[in-house]
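The values are calculated or read from the model by the stated rules, or taken from the named source; none is laboratory data. What you are looking at is a predicted structure, and each value in this text was computed from that prediction instead of being measured. Cβ coordinates were reconstructed from backbone atoms using ideal geometry, including for glycine residues, and neighbour counts include every protein chain displayed. The accessibility values were calculated without ligands, DNA or RNA, using every heavy atom of the protein model including side chains. Shrake-Rupley method; radii C 1.70, N 1.55, O 1.52, S 1.80 Å.
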Amino acid sequence: MVYSRALEGVTHTFGVSGLLYKSNVLLYDHQNESLWSQMMEKAIAGPLAGKSLRRIPSLRTTWRTWLKKKPQTLVLSTDTGHRRDYSVDPYEGYYRGLGIWFLVGDVRTDLSPKEMVLGLEIQGHTRAYPISLLRKKAGVLRDEVGGVEVQIEISPGGELLRIFDDRGGEIPVIYSYWFAWQAFHPDTEVFTAP
């Protein structure tokens, strides 16, 4: 999830609050100390409660694919002055385990709780696309969400390359575990292969 930091003419900076809502991290803004829900895309407490951030189209990609498109990219140095091994992911055990560490309420059984999904919300309609299913569908997958044609471009290697509408406009998406997506979008539809 990538959001614009600009809100009502002010550019905000954010930090991790250490708090969770439905097992999802709450951010806080340094300017007002409002709490922001990533999945709800808005402030849920504080002076900016009810205000929303604008989602920006983004994709997860491999370094190889990125470097082909943007060969002049610079990489942030891991020489930060802190003693930390940045090659070790502190959540690796969480990714592999089946359990959810914190409660989220009832979890629909359409998919495994930790199935990764691509979540779309268009004109109040939501749909979850299982990443494992998309990776098997090289080419362009066409679907319709909220009356808008959605096209998901998938490489022969199963990488999601682009998500766009019928006019070529990029569509903002959310990558999420199923349990989190459905907790915030209880009426979501789940894409199934035709």
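Output wanted: per-residue J couplings in Hz (rounded whole) for the range 22-33, from phi through Karplus 6.51 cos²θ - 1.76 cosθ + 1.60, θ = phi - 60°, x for Gly and Pro.
Result, ordered by residue: 6, 6, 10, 4, 9, 8, 9, 9, 5, 6, 10, 6 Hz.
Taking only protein heavy atoms into account and a 1.4 Å probe, give the accessible area per residue of the range 71-132 in Å².
On the way: 4810 Å² over 62 residues.
Accessible area per residue: 78 Å².
Which cross-chain or sequence-distant (5 or more) residues have an amide H under 5 Å from the amide H of GLN31, H modelled 1.01 Å from N in plane?
Under 5 Å from the amide H of GLN31: THR13.
Can you give the extra length, in nm with one decimal, that the chain gains between PHE164 and ILE56 once fully stretched, where that is 0.36 nm per residue apart less the Cα-Cα distance? Please list the in-between numbers first.
Values: separation 108, 0.36 × 108 = 38.88 nm, distance 1.26 nm.
Extra length from PHE164 to ILE56 when fully extended: 37.6 nm.
So, R0 is 25 Å and r is the distance between the beta-carbons of TYR175 and GLU8; what FRET efficiency does that work out to, to 0.05? Intermediate values should be presented prior to the final figure.
Values: r = 28 Å, r/R0 = 1.11.
The formula returns an efficiency of 0.35 here.
Just to be sure I understand: with springs between alpha-carbon atoms less than 10 Å apart, which residue in TYR175, TYR129, TYR95 has the highest mean-square fluctuation in the Gaussian network model of the chain?
Comparing TYR175, TYR129, TYR95 in the GNM, the peak value goes to TYR95.
Springs between alpha-carbon pairs under 10 angstrom, Gaussian network model over the chain: which of ARG84, ARG167, ARG127 fluctuates most?
Highest fluctuation of the listed residues: ARG84.
Run the simple label-point estimate for ILE100 and SER155 please: 7 Å along Cα→C-beta, distance reported in nm.
3.2 nm
From the protein chains alone at 1.4 Å, what is the descending order of accessible area for LYS51, LYS69, LYS136, largest first? Display every interim value, and only then the final one.
Numbers: LYS51 75, LYS69 130, LYS136 160 Å².
Ranking LYS51, LYS69, LYS136 by accessible area, largest first, yields LYS136, LYS69, LYS51.
Which FRET efficiency, nearest 0.05, do GLU33 and TYR86 yield, Cβ-Cβ r, R0 30 Å?
Details: r = 29 Å, r/R0 = 0.96.
Working from the Cβ atoms, E equals 0.55.
What's the carbon and sulfur percent of the range 70-180's accessible surface, probe 1.4 angstrom, rounded to a whole number?
On the way: 3630 of 7140 Å².
Reported share for carbon and sulfur atoms: 51 percent.
What whole-number distance in Å separates the alpha-carbon centres of the range 153-169 and the range 99-113?
Cα centroid of the range 153-169 versus Cα centroid of the range 99-113: 28 Å apart.
Here are some pairs, LYS22/LYS51; LYS22/LYS69; LYS69/LYS114; LYS114/LYS136; LYS22/LYS42; LYS68/LYS114; which of them have Cα atoms lying more than 25 Å apart in this structure? Numbers along the way, then the final one.
Values: LYS22/LYS51 20 Å; LYS22/LYS69 37 Å; LYS69/LYS114 31 Å; LYS114/LYS136 19 Å; LYS22/LYS42 15 Å; LYS68/LYS114 31 Å.
Among LYS22/LYS51; LYS22/LYS69; LYS69/LYS114; LYS114/LYS136; LYS22/LYS42; LYS68/LYS114, the Cα-Cα distance tops 25 Å for LYS22/LYS69; LYS69/LYS114; LYS68/LYS114.
Which net charge results for the neighbourhood of THR13, defined as the other residues with beta-carbon distances under 13 angstrom from its beta-carbon, given Lys and Arg at +1 and Asp and Glu at -1? Before the final figure, lay out the partial values.
Numbers: positive: ARG5; negative: ASP29, GLU33.
My count for the surroundings of THR13 gives -1.
When only the heavy atoms of the protein chains count and the probe is 1.4 Å, how do TYR28, TYR3 rank by accessible area, highest first?
On the way: TYR28 70, TYR3 45 Å².
From most accessible down to least: TYR28, TYR3.
Normalised by the number of residues in the range 45-194, what is the relative contact order in percent for Cα pairs under 8 Å and 6+ residues apart?
Details: 190 pairs, mean separation 38.4, N = 150.
Across the range 45-194, relative contact order equals 26 percent.
Give the ranking of ILE56, ILE163 by solvent-accessible surface, highest area first, calculated with a 1.4 Å probe. Write down the numbers at each step before the final one.
On the way: ILE56 55, ILE163 5 Å².
Output order, biggest surface exposure first: ILE56, ILE163.
Grab the beta carbon distance between ASP79 and ILE122, set R0 = 41 Å, and tell me the FRET efficiency rounded to 0.05.
Values: r = 43 Å, r/R0 = 1.04.
That gives a FRET efficiency of 0.45.
Anyone know which of PRO172, PRO156, PRO71 comes out most mobile in the 10 Å Cα GNM of the chain?
Most flexible of the set in this elastic network: PRO71.
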